[in-house]
Amino acid sequence: MDAVDGGAKGAARGGRVTREEVARLADVSTASVSYVLNNVPNKVSEATAQRIFDAVEKLNYRPSSLGRALKRGSPRMLGIIIPDFSNTYFASMSDALETEASREGYSTIFLCSHGDPEKEKECIAKLASRDVDAILASFALNAIDLATIRKPTVRFVFLDHPDRVPGFKAVGSDFRAASRMATTHLIEHGHRRIAMLFGGDPSEYNDARIQGWAQAHQEAGLATGRIYHTGFTRSGGYEQTLRILDMPETERPTALFAGSDLEAVGALRALHERGLRLPEDMALVSFDGTVDTLYSWPQITSIQQDPEMIAKLAVAAALHPDECDDTQIAPFDFVIRQSCGCHPHAS
């Protein structure tokens, strides 16, 4: 009988899978398994580490909590997966999560997924192998994908995810209501052609931000504008706005709604380079409300999320799940600044 079957049957019998079984399945030494699971740098190749993580996931291996407790006490550790540390909003979120976890007496391990679903799976395996008490993450993975890899002994909390996900806790702002409010504000200012700069795939119309944007158009009896794929980056917002500005003035949008502040900052640069004035020639509203919107010129009107409140709710959901609803909605503010003034020639 080979090692794969032996490991699987061992788990099926209810016995704890051992580190030796992981090593056999990955065709490595037990020392290599220890190096990888304890994050010892520069000891094994990336390919070898990936084989070990694959074996850990296949065998549903988890290091002994008792053994760890004897060595260094209870882990009291939260694993946190963030898609982009360079994003100002997620930087604020990370700081808030660390602060809230520390207040509860927990340490944190942060991993970056770069918004890649496959990378997210690797991050989950790494954190599960570290015996964290819970994983909090802003996922690109959908609920179906997560259900296939979720470890029953690891609690998951969605960040920035206001919709109910069966089997998971979820915390976030009401994206749909926020986007509807921002878009309605532009419509009330006379705009009839409002494009959306959106980081995700434009074909994924299930995103709540898109739904709110579309709902505002429908309620006003307007045809929805076009969605421009920006990849949630400054460069994406910049390039797509230049593309918009290449359109004839009679056809191009008179207002832009950016799905995040990153796209908005990129769009603002493109508008400045082309000599357009905000809000006289083009209005701009964004989503997130980070410090970038306050120090831009002009200051950008934005949906302002509350990362401190989201962090507080998320950590509570991770540590005290029986006291928390499966879905918790954090409040948001619509902060009106200088970039969304009334348009002089609505048509």
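Since every read-out is calculated from the coordinates, none of them should be taken as a lab result. Every value quoted in this text rests on a predicted model; they were computed, and no experiment measured them. A quick note on method: Cβ atoms are made from the backbone with ideal geometry, for glycine too, and the neighbour counts reach across all protein chains shown.
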Next item on the list: Please sort 104-114, 296-306 by packing, taking for each peptide the average over its residues of neighbouring beta carbons within 10 angstrom, highest first.
Entry: 296-306, 104-114
Next item on the list: For each pair in Lys58/Lys126; Lys119/Lys312; Lys121/Lys312, compute the distance between the two Cα atoms and list the pairs where it is over 21 Å.
Entry: Lys119/Lys312; Lys121/Lys312
Item checked: Nearest-0.05 FRET efficiency for Glu46 and Leu242, computed from C-beta distance (R0 35 Å) -> 0.40
Item checked: In order through the range 214-221: 3J(HN,Hα) via Karplus (6.51 cos²θ - 1.76 cosθ + 1.60), integer Hz, x for Gly, Pro -> 5, 4, 4, 4, 4, 5, 8, x
Next item on the list: Work out from phi, with θ = phi - 60° and the Karplus expression 6.51 cos²θ - 1.76 cosθ + 1.60, the ³J(HN,Hα) of each residue of the range 312-326, listed in order in whole Hz, and give x for Gly and Pro.
Entry: 4, 5, 5, 5, 4, 5, 6, 9, 10, x, 5, 9, 10, 5, 4
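Taking square-rooted eigenvalues a ≥ b ≥ c of the alpha carbon gyration tensor, is the range 175-305 rounded, prolate or oblate, where a/c under 1.5 means rounded and, failing that, a/b exceeding b/c means prolate? All intermediate terms of the calculation are to be shown ahead of the outcome.
Details: a/c = 1.32, a/b = 1.16, b/c = 1.14.
It comes out rounded by the Cα gyration axes.
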